[in-house]
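Some notes on the structure that comes next.
Computed from the coordinates by the stated procedures, all read-outs in this text should not be read as laboratory data. Bear in mind the structure is a predicted one, so any value in this text is a computation, not a measurement. Methodologically, a virtual Cβ is constructed for each residue, glycine included, from the backbone with ideal geometry; neighbour enumeration extends over all protein chains shown.
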Ligand SMILES: [Zn+2]
C-alpha cells in the first residue's frame with residue numbers, strides 16, 4: 001500500500017531562495033501550459049506536451065520538470081472535467097459554471113511540484129537531498145523527520161516526491177510503497193465507538209476526549225465569522241491559512257488516536273470492530289450547537305485511518321450494524337431509551353448494570369464484531 005511520508009527540509013538562506021525561485025517558476029510554467037490548453041482545447045498529456053514542451057524549456061525548465069508541469073496541467077484539467085460532469089460547478093449554462101469554463105486553470109505560486117529520481121536524490125546517511133533548481137543541481141539540503149518517518153523513507157521510498165512550501169517551511173512528501181502484513185486470526189475484538197464529546201472510546205474503557213479539538217474548532221469558527229464579515233483580501237488569506245491549520249490539527253489528532261487503537265488491538269491479538277459509518281449523519285439527532293461540530297467533524301477520516309493502519313499491521317477490521325449500540329445493555333442485551341438517564345451515563349433498567357455510556361456502546365460494538373466475524377468466517381472453518 002502507498003503511504004506518503006512528510007519530510008521537513010532545512011535549507012539555509014541561499015538554498016531557500018533557490019527553492020522558492022524554482023517552485024515559483026514551475027508554477028508559472030504550469031500556468032502557461034494551462035493557458036495554452038485552455039485556448040487550444042488540447043488537454044491530454046501527450047498532445048499537450050508536444051504543444052508546450054519547447055516553450056516550457058525556453059522558460060528555463062529542464063526536461064523532467066517541464067514534463068511534470070505538463071502532467072500537473074493535464075491532471076488539473078482531467079479533475080476539472082470530472083467536476084464539471086458531476087455538476088460540482090453548477091448546471092450547464094449557469095453563471096458559475098460559465099465562469100469556471102471561460103478561464104484557464106490557475107495554480108498558486110506555491111502549489112506542490114513533483115520531483116522524480118532524476119531531479120531529486122536522497123542521501124539518507126547524511127540526511128540530505130540533492131535537488132534540481134534553476135541555479136542547477138543543489139546539493140546537501142538537510143532534512144529531518146521522526147525516527148518512524150526516516151525508517152519508512154529508508155526502506156520503502158519509491159518514485160516521486162512533492163516539493164511543498166507551507167508558511168516559511170519546506171517539505172518533501174515522499175511516496176513509500178509499504179507491504180501489507182498478513183491478516184491474523186483475531187482472539188476477540190476491540191470495539192471502538194466514535195463520537196463527538198469523545199472522539200473515540202474503546203471497549204477496554206479508554207476514552208479519547210474531543211475537548212481540545214472541539215475547543216480549537218469553536219475558536220476558529222468565531223475567528224472565521226469575523227474574517228468573513230471583513231471580506232478583505234488579507235482576511236481571505238488568513239482564512240485559508242486557518243482552515244489548513246485546523247484540518248492539519250484534526251488529521252494529527254486522528255493519526256495519533258488511530259495509531260494507539262491499532263497498536264492496542266495488535267498487542268492483544270484482537271481485531272477491531274467499528275460501527276458502519278455510512279449513516280452517521282442521518283442517524284444521530286443532535287441539539288444545534290453540536291450539529292455544527294458534527295458536520296465539520298471528521299468521523300470518516302478517523303475510521304479511514306484506523307482501517308489503513310490496521311491493514312498495515314494485519315489487524316482484521318469488521319464493520320457492525322450501529323442500531324441501538326448506545327441504548328442496549330452490554331451485559332444483558334436489554335434495549336431501552338431509559339437506559340440512558342443522561343448523555344454520559346448508561347444504567348440498565350433491567351439488570352442494573354452501570355457504565356460510562358460510550359464504553360457500554362463500545363462493548364456492544366465489540367460483541368457484534370465477534371458475531372460478525374464468526375458469521376463471515378464460518379465457511380473458512382468448515383473448509
Ligand atoms: Zn442489563
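Here are the numbers for the structure shown:
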| quantity | calculated |
| --- | --- |
| Folded to 0 to 90 degrees: helix 299-313 orientation relative to the chain principal axis, Cα | 90 degrees |
| The chain - percent relative contact order, Cα under 8 Å, separation 6 or more | 17 percent |
| Point-to-point label distance, residue 84-residue 39, nm (Cα→Cβ direction, 7 Å offset) | 1.8 nm |
| FRET efficiency, residue 323 to residue 57 (Cβ-Cβ, R0 41 Å, nearest 0.05) | 0.10 |
| Distance between modelled label sites at residue 103 and residue 349, nm, 7 Å Cα→Cβ extension | 5.9 nm |
| Rounded to 10°, Cα long-axis angle of helix 13-40 versus longest principal axis of the chain | 90 degrees |
| Gap separating the Cα centres of region 188-267 and region 156-181, nearest whole Å | 23 Å |
| Centre separation in Å (Cα based) which lies between region 26-42 and region 345-371 | 59 Å |
| Relative packing of 23-35, 179-191, which averages over residues the other C-beta atoms within 10 Å, highest first | 23-35, 179-191 |
| Helix 357-382 axis, angle to the chain major axis (alpha carbon atoms, nearest 10°) | 80 degrees |
| Contact order normalised by residue count of region 148-265, Cα under 8 Å, 6+ apart, percent | 14 percent |
| Ranking of 212, 220, 68, 255 by count of other Cβ atoms within 10 Å, fewest first | 212, 255, 220, 68 |
| Chain lengthening between residue 276 and residue 374 when straightened (0.36 nm per residue, less Cα-Cα) | 33.5 nm |
| Kirkwood hydrodynamic radius (C-alpha pairs) into Stokes-Einstein, the chain, 37 °C and 0.692 mPa s, D in µm²/s | 134 µm²/s |
| Over the chain: helical MRE at 222 nm, DSSP H runs n ≥ 4 each giving -39500 (n - 2.57), nearest 500 | -17000 deg cm²/dmol |
| Kirkwood Rh (inverse of mean 1/r, distinct Cα pairs), region 8-142, angstrom | 16.2 Å |
| Added length on full extension, which subtracts the Cα-Cα distance from 0.36 nm per residue, residue 181 to residue 238 | 16.3 nm |
| Residues 148, 333, 204 arranged by fewest to most Cβ contacts within 10 Å | 148, 333, 204 |
| Dimensionless Rg over Rh [region 37-116; C-alpha; Kirkwood] | 1.02 |
| Gain upon complete extension [residue 64, residue 24; 0.36 nm per residue less C-alpha separation] | 12.8 nm |
